[in-house]
Structure formats: structure tokens, C-alpha cells
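The values are calculated or read from the model by the stated rules, or taken from the named source; none is laboratory data. Note that the structure is a prediction, hence the values are computed from the model and not measured. We place every Cβ from the backbone using ideal geometry, glycine too, and count neighbours over all the protein chains shown. Side chains included, ligands, DNA and RNA excluded: accessible areas come from the protein's heavy atoms. Shrake-Rupley method; radii C 1.70, N 1.55, O 1.52, S 1.80 Å.
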Amino acid sequence: MPLNKLEKCVGCKCMSAPFKKLTNEELIQINRNRVEVNFKKGEIIAKQGALAAHIIYIKSGLVKVYREHANDELILSVENRGKLLGLQALYSKNIYPYSVKAYTDTSVCLHDINSIDSFIHQNATFSASILHHLNDESLFSYNRMACLTLKQLHGRFADLLLCFSLRLFKRKKFDIPISKKDMAAITNMSQESLSRVIKDFVSEKIIDVKGKEFTILDFDRVRHLSQVG
């Protein structure tokens, strides 16, 4: 996990929404209390239950966020550039509530958790933006729970396709850099069921699959399957 050459926060083009609410003076102070780190594919960025010294900002790459229990794991979400992780640790005894692992080579900013906490108390607009961010995470979790418990297999897979297309890659053709095992885990189905669902989507010309490259051919159908479950 080598350190990157540290860039200045002021004028940073990949700044997350809450940090845009800070003044230049506050950004200079934030800059003094952060590091930029590169993680290789497969490396652990944060460990569930560990003391959280930093809030994690994803500058580039793709990561999975997951809960661990014994030898099992529950994938909570897949995240890429622009995501702040670890904010829950601010008010939970500074303990990471989940683990974060790099799916691809990933670059992150590690912000001192005490500095973030200080600005939450000092800057009302920054605080409101952090609250908005946490609210979005709560709504996302509710939707995930509804998807996994109320939708059938085809609806769950349609949701996964929409997640990749609309939220992560923002295009209809994309390479999925995660294993079939994790794809099955995200959609709460067996790998055999996942393979059958993918085959159904391909045979009905909803998607085209070439190795890890997925192309959505009928976006309206994917949306419909997501909605009806």
C-alpha cells in the first residue's frame, strides 16, 4: 500500500460533496491531516472491528464493503470513486462497522477522523452534507434489504445490472471485475442459480455477455424486471 504524492485539497477535482462545503482555510487544515494511499487488488483497506483512525475517501478503483461473521461474509455494497466510508465510526466508539476490500487497484484519501469530527461541530453546512450522505446510505440499505427479501431471482439480478450500469460505471457496456461467487453473494443466490439467470437474460436478448464484459441490450426490460421483482 504505497503512499501517493500528496496533492492539495484546495482545488481538488475529485472532491466529495461534503468537502465542497469547507472553506479554503478548513481544506488546508484537512490537507495537513490526511494521506493518499494506493491499494492493490485484493488488499484490505479497512477491517471490521478495528479502531478507526481515518475516514476513507475512494479516489479511484472499485471496492466491496462487507460484514464478517465467523467464516462468512455479507456484501453490503460495491463502491467506486467519490464514496466516503467509515463515517459510522464517528459515533460508534471509533470502530469500523464493516470491512472494505479492493476489487481493483484502488487509490484512497485517508482523513483523520478527529479532524472530520471537529468540522462537523464547527461547520453547519459541512455537517448537513455529512447527514445527507448518511441518510442516502440508510435509504440504500433499506432498498437492498427489500431487494433481497421481496424480489425473485430475476429481479435481484436486474437490480445488480442497474447498479453497475447507472451507479458505478454509468454506461450500458461494462466489465465486471468481481467474481461470480461475489455476484451470487450480492444477489443472495447460489452460483448455479446466478448462471441460470444470466443464461435466461442472454437467451431473451436482454443482455449480451462475453467473458467479464456485460452489455445491456434492452434497458427497459431490465428496469421492468427490477420493478416487478
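What to note about this one:
- Meets criteria (in a helix (DSSP H, G or I), more than 29 Å from Ile28 (Cα to Cα) and either open to solvent by 40 Å² or more (accessible area, probe 1.4 Å) or modelled with pLDDT under 90 (or both)) for Arg167: yes
- Number of positions in the stretch 79-102 that are over 17 Å from Gln48 (Cα atoms) and not basic (Lys, Arg): 2
- Of all residues in the stretch 79-102, those being more than 18 Å from Ser16 (Cβ to Cβ) and either among the aromatic types (Phe, Trp, Tyr) or in contact (Cβ under 8 Å) with a residue 40 or more places away in the chain (or both) number 9.
- Residue pairs whose Cβ atoms lie under 7 Å apart, separated by 6 or more positions or on different chains, with the first residue in the stretch 167-180 and polar (S, T, N, Q) and the second modelled with pLDDT of 95 or more and open to solvent by 80 Å² or more (accessible area, probe 1.4 Å), do not occur.
- Of the strands (runs of 3 or more DSSP E) lying entirely inside the stretch 52-146, those carrying at least 3 residues that are farther than 30 Å from Ile28 by Cβ and open to solvent by 50 Å² or more (accessible area, probe 1.4 Å) are 63-69, 72-79.
- The stretch 76-126, residues that are over 26 Å from Lys181 (Cα atoms) and hydrophobic (A, V, I, L, M, F, W, C): Leu87, Ala89, Leu90, Ile95, Cys109, Leu110, Ile113, Ile116, Phe119, Ile120, Ala124, Phe126
- Taken over the stretch 29-42, the residue count meeting the criterion of being outside any strand (DSSP E or B) and exposed (fewer than 15 other Cβ atoms within 10 Å of the Cβ) is 4.
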